[in-house]
Amino acid sequence: MRGVIKAFRVLGAIIAGVVALGAGQALAAGLTTAGQSLGSGQQAVSACTPDTLLVSYATAYSPSAGGYAVTDVTVSDTAPTPDLAACAGQTYRVTLLGAGGSSLGELTGVVPSGQTSFSPATGFASPPAVSAVTGVSLVLGG
């Protein structure tokens, strides 16, 4: 009898592990990442392009940040045939987000014409620590 109970406990533990693994895979399947990432992001469909835009980060060591900090960002159109023509001339705002969705820093600029990627003319005045970044928000035309 003890052997049967022990077998059911082992079987129950195995089933629980498989269910937990499946749930973890399902949660991970809902997230997409590309290239280097510092945290999660938010994606909204832009009126000027249906293409997926990728925000990448430039980092450098910063004693004031206590380690590495984000110094600049680049926004790239990742479509096989990038098309930002309809976005050219529109303003953009890239905001690095911290805990609770708080703003750690913001860069703005105008989308250049004839380009598939763009960066602000200047970087962050006070570069935020890489470890504090939990997400990014990109607004085009706002």
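The values are calculated or read from the model by the stated rules, or taken from the named source; none is laboratory data. Remember, it's a predicted structure, so these values are computed and weren't measured experimentally. Glycine also receives a Cβ, built like all others from the backbone with ideal geometry; neighbour counts cover every protein chain displayed.
Observations
- Boolean, Thr116 is surrounded by fewer than 18 Cβ atoms within 10 Å (Cβ to Cβ) and among the hydroxyl-bearing types (Ser, Thr, Tyr): yes
- Test: Thr71 is at pLDDT 55 or above and in contact with a Phe, Trp or Tyr (Cβ under 8 Å, 6 or more places away or on another chain): yes
- Considering the conditions (1) of a type outside the set (Ser, Thr, Tyr); (2) in contact (Cβ under 8 Å) with a residue 40 or more places away in the chain; (3) surrounded by 14 or more Cβ atoms within 10 Å (Cβ to Cβ), Gly67 is excluded by exactly one of them, (3).
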